[in-house]
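The values are calculated or read from the model by the stated rules, or taken from the named source; none is laboratory data. Source: prediction; values computed, not measured. Here Cβ is always computed from backbone atoms with ideal geometry, including for glycine, and neighbour counts include all displayed protein chains. Ligands, DNA and RNA are excluded from the accessible area calculation, which covers all protein heavy atoms including side chains. Shrake-Rupley method; radii C 1.70, N 1.55, O 1.52, S 1.80 Å.
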Amino acid sequence: MTTNKGPVQRGWNFLQTPGPTNIPYRVLNAMNRPAVEFLGPDFVDFATTLLADLKALFKTEGEVVLYAANGHGAWEAALSNVLKPGDKVLIPETGRFALSWGYMAGRLGIETEVIENDWRVAIDPAQVEARLAEDGAHEIKAVLLVHTDTGTGITSDVAGVAKAIAAAGHPALLMVDTIASLLTTDYRMDEWGAAVTVGAGQKGLMLPPGLGFCAVNEKAMRVCRDNPNPRNYWDWRERVDPDEFYLAFCGTAPEHLMFGLREAIDMIREEGEDAIFARHHRLSRAVHAAVDHWAGAGALENNAVNPDERSTSVTTILVDDAYDPMDIRIACRDRFNTGLGNGMGKIIKTSFRIGHMGDLNEPMILGALGAVEAGLKVAGVPYTPGGVEAAIASLTEN
Ligand SMILES: *Cc1c(COP(=O)(O)O)cnc(C)c1O
């Protein structure tokens, strides 16, 4: 395949991976400054305010703990603080990320039970209720739920699962992974009844990779305080209640990522969360319109069969077995300066993904869709021409 990569390159590269996402210049510039004394009063004040401001993003009155870690780190933090070897968790299968979080739990000695799903639809809260209702001995300690599974491009109903747990009269904690949904779609930790929420910086929050978050309600914090499971770096107890500020980060604070986070939160406040959610909805529907149009030729299909369940963050596109999705990604990368997401899990060889979260606007989406349409042509994958036109129609109607 020919490539335009060489010593001279002009213009922007489009990053349409579902993490990391585009980092706004305002965030990059906020990080472009010298290091400071991290135990000095200015930084301690700054960090204290920042941690308090994070609560509003999760919509919780609980505590938010910030780690110098990616999302997998925050996953492990959540598991190791509220669970211990021998405990059992219930995992509604949303896709690859639900199984990976479960795999991690297994490696920590936690017993896992999966409610199976075909990855084409959101999970059914009624199945969670039915399973918990059978668990009269309360062996299940937590339900691990991925809000938006980034492998499938499907968003599940967190409030519905919280209601299902309550309807079953079961004490299991609801632990939610919002890594791909935070700041792209509505999430209300306290109102919906999640006990723990896991997040990360490099998706809807528009930060460089390297920050992970756990938001923790009172009930989960009580469980954490009594949990004998050995842990140190992840332990919420010292981080939320430090005798010395040093312990709030278990060592040196990730200062520059925190400067970036400050700027990102300021940008989020300026735009307003409702406007951010509406923008993600609008842009994602334009992508879906393009994919549905291309699909007319029979070789492509949106993985999410129910339009209402399609994520505002990422779109997973299934490709007929006769074609290799990698050829589409290579064409987009090498010919059209556009990075797309790989397939994941059991659809690794039969899908690719378009990320559309974070610092994005209409012309960026139209540019990316133009690149994908061109990539389909170069890769020889049949598509109905006019996907970009369908996206324009969606953008101008909505
Ligand atoms: C990206 C992602 C993760 C993993 O985050 P890393 O920062 O790559 O460790 C976990 N869950 C979901 C839903 C994700 O989108």
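So what is the accessible area of the chain per residue, in Å², with the probe set to 1.4 Å?
I get 41 Å² per residue for this part.
Quote the accessible area belonging to His72 in square angstrom, nearest 10, computed with a 1.4 Å probe and with ligands, DNA and RNA left uncounted.
Rounded to the nearest 10, the figure is 90 Å².
Below 8 Å between Cα atoms, with a sequence gap of 6+, how large is the relative contact order for the range 254-351 in percent?
For the range 254-351, the relative contact order is 19 percent.
Roughly to the nearest percent, how much of the accessible area of the range 40-167 is carbon and sulfur, given a 1.4 Å probe?
Carbon with sulfur: 51 percent of the solvent-accessible area.
Mind checking which of Gly71, Gly380, Gly370 has the largest fluctuation in a GNM of the chain, springs on alpha carbons under 10 Å?
Result: Gly380 has the largest fluctuation of those listed.
Please calculate the 1.4 Å probe accessible area of Leu39, with all protein chains present, and give it to the nearest 10 Å².
Roughly 90 Å² of Leu39 is accessible to a 1.4 Å probe.
Top to bottom by accessible area (1.4 Å), largest first, where do Met258, Met344 land?
Met344, Met258
Under a Cβ-only charge scheme (Lys and Arg +1, Asp and Glu -1), can you give me the dipole magnitude of the range 25-269 about the Cα centre, in debye to the nearest 20?
Taking the Cα centre of the range 25-269 as origin, the dipole is about 320 debye.
By the gyration tensor of its Cα atoms, with a ≥ b ≥ c the square roots of the eigenvalues, what is the shape of the range 213-340: rounded for a/c under 1.5, prolate for a/b over b/c, or oblate?
In terms of gyration-tensor shape, prolate.
How would the range 25-269 be classified by its alpha-carbon gyration tensor: rounded, prolate or oblate, with rounded meaning a/c under 1.5 and the a/b versus b/c comparison settling the rest?
Because a/c hits 1.5 or more and a/b exceeds b/c, the range 25-269 counts as prolate.
Work out, step by step, the length gained on full extension between Asp135 and Glu111: first 0.36 nm times the residue separation, then minus their alpha carbon distance; give nm to one decimal.
Result: 7.2 nm gained on full extension.
Quick one: compute the contact order of the range 25-269, relative version, from alpha carbon pairs under 8 angstrom and 6+ residues apart, as a percent.
Result for the range 25-269 is 28 percent.
Pairs of alpha-carbon atoms within less than 8 angstrom and 6+ residues apart define the contacts here; what relative contact order does the range 341-398 have, in percent?
So the answer I get is 22 percent.
All other residues with a Cβ under 10 Å from the Cβ of Ala289 taken together, and with Lys, Arg as +1 and Asp, Glu as -1, what is their net charge?
Neighbourhood net charge equals -2.
So what is the 222 nm mean residue ellipticity for the chain from helices alone, if each DSSP H run of at least 4 adds -39500 (n - 2.57) and you divide by all residues, rounding to the nearest 500 deg cm²/dmol?
-13000 deg cm²/dmol, from helical runs alone.
For the range 370-390 and the range 81-123, compute the distance between their C-alpha centroids and round to whole Å.
Centre-to-centre distance over Cα atoms comes out at 37 Å.
Tally the DSSP beta bridges in the chain and give the antiparallel ones as a percent, rounded to 5.
If we restrict to bridges inside the chain, about 55 percent are antiparallel.
Please list Arg10, Arg353, Arg269 in order of solvent-accessible area, largest first, computed with a 1.4 Å probe with all protein chains present.
Descending accessible area places them as Arg10, Arg269, Arg353.
What accessible surface, in Å², does a 1.4 Å probe find on Asp118, ignoring ligands, DNA and RNA and rounding to the nearest 10?
Accessible area, nearest 10 Å²: 90 Å².
Mean-square fluctuation check for the chain, GNM, Cα pairs under 10 Å: which of Ile268, Ile165, Ile91 is largest?
Most flexible of the set in this elastic network: Ile268.
Can you give the net charge of the other residues whose Cβ lies under 13 Å from the Cβ of Leu360, counting K and R as +1 and D and E as -1?
Taking every Cβ under 13 Å from that of Leu360, the sum is 0.
Along the charge dipole of the chain, Cβ charges K/R +1 and D/E -1, which of Trp236, Gln16, Met326 sits furthest on the positive end?
Result: Met326.
Which one, Val36, Leu66, Ala56, is farthest towards the positive end of the dipole of the range 25-269 when Lys and Arg carry +1 and Asp and Glu -1 on their Cβ?
So the residue furthest toward the plus end is Val36.
Largest first, what is the accessible-area ranking of Glu61, Glu263 with a 1.4 Å probe?
The most accessible residue leads, giving Glu61, Glu263.
May I ask you to list, by number, the DSSP H helices of the chain whose Cα span along the axis is at least 20 Å and whose average Kyte-Doolittle hydropathy reaches -0.5 or more?
Within the chain the helices that satisfy the rule are 41-58, 255-271, 273-294, 362-379.
Choose one of Gly298, Met104, Pro254: the residue whose Cα lies farthest towards the positive end of the charge dipole of the chain (beta-carbon charges +1 Lys, Arg; -1 Asp, Glu; about the Cα centre).
The Cα lying farthest towards the positive end belongs to Gly298.
If you add up the charges near Asp186, with Lys and Arg at +1 and Asp and Glu at -1, over every other residue whose beta carbon is less than 12 angstrom from its beta carbon, what do you get?
Once all neighbours under 12 Å are counted, the net charge is -2.
Rounded, prolate or oblate: pick one for the range 272-396, where a ≥ b ≥ c are the square roots of the eigenvalues of its C-alpha gyration tensor, a/c under 1.5 means rounded, and failing that, prolate if a/b is larger than b/c, else oblate.
It comes out prolate by the Cα gyration axes.
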